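Peer 1: Next up is a structure, given as structure tokens.
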Amino acid sequence: MENSSADIISKRKDRNNYCLTHNCTKACTQLEKYLIKIESNKLEVAKLITEKVSKKYGIKKSDLNIFITKPKAKLIIGMIEPLLPNFSRHQDFQLQRHSFKNIEIVTFDEIFNSLDEINKELKRKITRRRSALA
């Protein structure tokens with residue numbers, strides 16, 4: 001996770017394209033390396049996850065069957081709102097964010113918007129239930 005003010009795509013074109021910023025590219029490279037390490041040590045990682053889940057939630061280790069297959073990662077970085085006024089810049093970001101096989105790039109404002117929608121839906125459901133009970 002980077003910060004919400006981090007630039008995610010260049011402000012100037014290079015060969016008629018906007019590119020992911022150096023910071024964003026570095027974070028993606030770091031995540032890819034983590035995923036490779038997880039994949040190559042999946043038995044040890046599964047054992048570690050089993051121990052942590054067992055300890056935190058009081059579940060017997062024997063009741064947990066954790067398998068790691070094709071791990072994925074999310075990079076939470078920057079804001080998409082500043083990209084919207086420039087169609088070409090926004091389009092290039094959309095193209096590049098979907099180019100990673102194992103990494104999903106998500107922006108802070110997308111998460112906030114999703115949480116806001118979930119909050120609104122929960123409020124609607126509560127209002128409907130209260131109306132039905134009245």
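Peer 1: Starting from residues that are among the hydrophobic types (A, V, I, L, M, F, W, C) and outside any helix (DSSP H, G or I), keep the ones in region 1-33 and report whichever is nearest to F100 (Cα to Cα).
Peer 2: Only one residue fits best here, namely L20.
Peer 1: Test T50 against the criterion of being in contact with a Leu (Cβ under 8 Å, 6 or more places away or on another chain), assigned to a helix (DSSP H, G or I), surrounded by 11 or more Cβ atoms within 10 Å (Cβ to Cβ) and without any contact (Cβ under 8 Å) to a residue 60 or more places away in the chain, and give yes or no.
Peer 2: yes
Peer 1: Scan region 81-90 and give yes if some residue there is crowded, with 16+ Cβ neighbours inside 10 Å, over 21 Å from R15 (Cα atoms), touching a residue at least 12 places away in the same chain (Cβ under 8 Å) and within 24 Å of the chain's Cα centre (by Cα), otherwise no.
Peer 2: no
Peer 1: A further question on this structure: Among the candidates I36, I59, single out the residue that is free of Cβ contacts under 8 Å to residues at least 60 places away in the same chain and either in a helix (DSSP H, G or I) or touching a Ser or Thr at 6+ places or on another chain (Cβ under 8 Å) (or both).
Peer 2: So the residue among I36, I59 that is free of Cβ contacts under 8 Å to residues at least 60 places away in the same chain and either in a helix (DSSP H, G or I) or touching a Ser or Thr at 6+ places or on another chain (Cβ under 8 Å) (or both) is I36.
Peer 1: Take the residues in region 4-33 that are among the β-branched types (V, I, T) and free of Cβ contacts under 8 Å to residues at least 12 places away in the same chain, then tell me which one is farthest from D109 (Cα to Cα).
Peer 2: Filtering region 4-33 for residues that are among the β-branched types (V, I, T) and free of Cβ contacts under 8 Å to residues at least 12 places away in the same chain, the one farthest from D109 (Cα to Cα) comes out as T29.
Peer 1: Next question, about the same structure. From the list S62, S114, pick out the single residue that is out of contact with any Gly (no Cβ under 9 Å at 6 or more places or on another chain) and loosely packed, with under 10 Cβ neighbours inside 10 Å.
Peer 2: So the residue among S62, S114 that is out of contact with any Gly (no Cβ under 9 Å at 6 or more places or on another chain) and loosely packed, with under 10 Cβ neighbours inside 10 Å is S62.
Peer 1: Now, a different point. Kindly provide the set of residues from region 90-134 that are assigned to a loop (DSSP other than H, G, I, E, B) and of a type in the set (V, I, T), ordered by number.
Peer 2: Within region 90-134, just T107 meets the criteria.
Peer 1: Sticking with this one: Kindly list the number of the only condition in (1) farther than 30 Å from D7 by Cα; (2) modelled with pLDDT under 95; (3) not in a loop (DSSP other than H, G, I, E, B) that fails for V45.
Peer 2: (2)
The values are calculated or read from the model by the stated rules, or taken from the named source; none is laboratory data. None of the values given here were measured: they were computed from a predicted structure. All Cβ positions, even for glycine, are placed from backbone atoms using ideal geometry, and neighbour counts span all protein chains on display.
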